[in-house]
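Data first, discussion second: the structure below is written as structure tokens.
The values are calculated or read from the model by the stated rules, or taken from the named source; none is laboratory data. What you see is a predicted model; the values in this text were computed from it and never measured. We place every Cβ from the backbone using ideal geometry, glycine too, and count neighbours over all the protein chains shown. In case anyone asks, the SASA skips ligands and DNA or RNA and just uses the protein heavy atoms, side chains included. Shrake-Rupley method; radii C 1.70, N 1.55, O 1.52, S 1.80 Å.
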Amino acid sequence: MPELTDKSPALQVTKVARYFDVSPPFLNRLLEGAPRQILKAVDDVSFAIKKGETFSLVGESGCGKSTMARVVVGLYKPTSGAVAFDGVDMASLRTQAEALPLKRRMQMIFQDPFASLNPRWRVSNIIAEPIRNFHMIEQPADIQKRVDELLACVGMSARDGKKFPHEFSGGQRQRISIARALASQPEFLVCDEPTSALDVSVQAQILNLMKDLQDEFNLTYLFISHDLAVVRHMANNIGVMYLGRLVEVAAARTLFTRPYHPYTRMLLESIPDLEMTGTKTAPLAGEIANPIHPPSGCYFHPRCGFANERCRRDLPISKPTKDGALVACHGVEEGRIPEFREVKTPAPA
Amino acid sequence: MPPPSKHMVEPDGRLASPLLEVRNLRVEFPTRRGTLVAVDGVSFAIMPGEILGVVGESGAGKSMTGNAIIGLLEPPGRIAEGSIWLDGERIDNLPYEKIRRIRGKRIGAVFQDPLTSLNPLYTVGRQLTETICTHSDMHHSQARKRAIELLAEVGIPAPDRRIDQYPHHFSGGMRQRVVIALALCANPELIIADEPTTALDVSIQAQIIALMKRLCHDHNTAVMLVTHDMGVIAETCDRVAVMYAGRIVEIGPVRQVIKSAKHPYTHGLMGSIPGFGKDVRRLTQIDGSMPGLTDTPSGCAFHPRCPQAMDKCRKVRPDLVPVEQSQIACWLFDEAKEMANA
């Protein structure tokens with residue numbers, strides 16, 4: 001992990017894998033002799049998040065970022081590997097009584113603010129649910145007071161608590177989701193594409209709000225997004241995922257100035273250029289491979305301009321570079337990938 | 001009735017008439033609770049071969065404008081006022097059969113979700129050849145050959161094999177390529193692309209944008225690109241119209257609008273995009289959200305969110321006035337002009 005500070009990790013993810021069985025039904029397998037099929041949604045992913053910091057996972061659809069989020073909050077059990085929150089291995093908590101205090105400290109914000117709020121509940125009820133669930137406050141009047149506080153926290157008025165979710169716009173609903181997540185006084189929030197359903201001016205409001213809340217409550221974020229510009233704005237450290245594997249982990253600054261992995265570079269180059277500098281190269285061809293039958297060797301090799309025999313054969317493992325990034329690429333390891341700027345704008349002859 | 005069109009002077013001194021001209025368009029939805037106005041007094045022109053971006057947040061009326069042009073407004077939505085001219089011919093009041101002839105032949109369409117724009121029960125080839133046969137007098141076998149050429153042109157590998165596959169055999173990006181091929185079938189003069197890359201991943205989005213730019217350049221097709229993504233606009237368009245609450249608030253050359261946005265809304269919109277050139281702790285935010293159709297504010301619709309709103313903004317609605325190379329609907333600029341004149 002880049003630049004070790006004295007901050008201890010809030011979350012430590014070690015070699016986590018999550019597989020899904022997507023085999024045809026038993027009878028088909030028996031009659032047609034079809035084999036079992038395993039989808040490796042997340043494979044061999046390790047990272048750590050320090051307290052009060054934001055770690056981002058980026059990647060295109062189907063790369064396993066949302067699965068990772070669900071594994072972290074315990075909605076999925078990892079197939080192998082361990083998730084440790086504040087030094088406690090989540091898998092060691094067998095009973096509800098043991099797990100509950102830890103679960104209170106981590107909450108999740110979902111992508112779709114239309115689907116993640118119960119349409120039949122009033123907003124105050126939605127926000128009060130974690131308070132009741134974790135028995136944080138018992139008196140109804142006190143709960144109401146706390147709900148009003150939370151609404152004020154996310155920039156809404158106490159009167160809004162009486163309304164139903166359908167009376168609000170997408171941005172307001174996402175504020176309600178955030179208020180609900182904050183209700184249990186968590187230290188760690190997993191945000192799965194919290195702004196991708198929102199318009200850009202509303203996205204700015206929510207991102208600003210999330211940063212303010214992070215400062216106020218010293219929150220730690222696992223921030224998942226496909227939008228590199230948003231990630232750059234929010235994150236301290238970034239992990240780039242491709243087909244279920246982390247291909248590069250680096251500090252936000254390093255990743256955007258010196259990306260190592262060819263896939264990271266491709267992502268950066270494909271962002272529409274608002275500055276209109278006109279230095280764009282042609283977009284890379286190819287699409288994400290089928291994760292059920294990933295390519296041999298490095299999963300990215302069919303789309304990679306630097307791939308050689310070794311890339312087609314061996315799966316690369318993450319190795320640290322000199323400026324502290326972790327990169328899983330044979331080319332970077334062997335030093336045959338040129339500097340980023342050289343690639344972007346070829347020097348005139 | 002000939003259109004009283006304003007001719008524009010091309011760089012070489014020739015007069016060029018616009019390919020598409022939308023004049024004072026108003027789209028209404030009569031409902032039991034009153035009439036909702038989705039598009040209100042929108043005027044713009046697209047020159048042949050030009051790419052015009054229409055940008056705005058959800059509910060700004062950008063898709064409605066596109067649908068009105070190709071005659072795809074869903075009832076009870078209707079064009080209440082204004083006119084639409086395609087190459088000097090009025091097309092907004094045509095009978096169904098006539099507009100159907102124009103749609104697909106002279107104006108192509110690409111929609112957001114490539115899966116819903118393709119019929120899942122027909123092979124890609126059948127959909128392409130059907131469209132080609134409808135709009136030309138080509139023989140079926142010729143049409144099939146043309147379809148394979150089109151698929152190759154939009155960058156689908158092994159088109160002679162892929163042509164007999166169904167839409168579900170294609171990935172999202174490949175489906176969008178098929179939809180673009182469909183739009184190009186009859187060599188239209190104008191393509192209306194409604195959020196063509198919104199459902200796609202960034203790397204695929206870059207491919208599709210590059211493809212559309214290349215094809216439109218090769219065929220000299222004009223494009224009206226409707227999107228919410230300023231980045232896509234910056235990459236593709238020649239000019240851009242920014243819409244807010246059913247009206248155009250700023251229209252001008254893309255570089256000018258993006259680099260030096262004049263209207264407070266465009267300015268706020270640009271500031272709220274997290275970018276790579278800027279390292280800011282907080283993004284500029286426009287408080288509040290776009291008003292719903294039922295409660296459009298009086299005067300300038302943006303005034304409740306505008307940091308520079310004046311008394312006049314609350315009462316009187318501003319019209320587009322020329323400022324440098326752009327046109328802007330904002331009293332700030334009208335005032336400034338009046339003062340300069342006085």
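The table below gives the values:
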item: Using a Förster distance of 41 Å, the FRET efficiency for residue B:32-residue B:218 (Cβ separation, nearest 0.05); result: 0.25
item: Cut-off 18 Å (backbone N to label point 7 Å along Cα→Cβ of residue B:319), residues of region B:19-46; result: B:22-27, B:40-45
item: For chain A, the longest site-free run once GluC sites (Glu not before Pro) in DSSP loop states with at most 11 other Cβ atoms within 10 Å are removed; result: A:139-338
item: Beta bridges per DSSP with both ends in chain A, % antiparallel, nearest 5; result: 60
item: Descending principal axes extents, region A:1-72, alpha-carbon based, whole Å; result: 59, 21, 17
item: Helix axis angle, B:331-341 relative to chain B longest principal axis, alpha carbon, degrees; result: 60
item: Folded to 0 to 90 degrees: helix B:202-219 orientation relative to chain B principal axis, Cα; result: 80
item: Peptide B:51-58 - average C-beta neighbours from other chains (10 Å radius); result: 2
item: For B:169-180, mean number of other protein chain Cβ atoms within 10 Å; result: 1
item: Principal semi-axes in Å for chain A [√(5λ), Cα gyration tensor, largest first]; result: 37, 25, 20
item: Tail weight of P(r) past 17 Å, computed on alpha-carbon pairs of region A:76-117, percent; result: 44
item: Against the rule of thumb 2.2 N^0.38 Å, how large the Cα Rg of region B:41-166 comes out; result: 1.23
item: Solvent-accessible area, 1.4 Å probe, carbon plus sulfur percent, for the protein assembly as shown; result: 53
item: P(r) weight above 14 Å for region A:121-185, C-alpha pairs, percent; result: 48
item: Equivalent ellipsoid, the protein assembly as shown (semi-axes from 5 times Cα gyration tensor eigenvalues, Å); result: 43, 35, 25
item: Cα-derived Rg over Rh, computed across region A:111-254 with Rh taken as Kirkwood radius; result: 1.00
item: Percent breakdown of C-alpha pair distances by 10 Å bin, ordered from the shortest bin, for chain B; result: 5, 23, 32, 25, 11, 3, 0, 0
item: Only Lys, Arg (+1) and Asp, Glu (-1) charged, at Cβ; region B:56-201 dipole about Cα centre in debye; result: 440
item: At R0 = 22 Å, FRET efficiency that the Cβ-Cβ distance of residue A:75 and residue B:115 yields, to 0.05; result: 0.20
item: Magnitude of the charge dipole, the protein assembly as shown, Cβ model with Lys/Arg +1 and Asp/Glu -1, debye to 20; result: 920
item: Acute angle (nearest 10 degrees) that the helix A:170-182 long axis makes with the longest principal axis of chain A, alpha-carbon atoms; result: 80
item: Cα centroid of region B:225-287 to Cα centroid of region B:130-154, whole Å; result: 39
item: Theoretical FRET efficiency, 1/(1+(r/R0)^6), r = Cβ-Cβ of residue A:114 and residue B:158, R0 30 Å, to 0.05; result: 0.15
item: Heavy-atom surface of region A:121-185, accessible at 1.4 Å and reported per residue (Å²); result: 48
item: Largest to smallest accessible area among A:299, B:166 [probe 1.4 Å]; result: B:166, A:299
item: GNM result for chain A, Cα springs below 10 Å: residue of A:17, A:141, A:250 fluctuating most strongly; result: A:141
item: Per-residue average of Cβ from other chains inside 10 Å of B:284-297; result: 3
item: Total accessible surface hidden between A and B, rounded to 100 Å², 1.4 Å probe; result: 3500
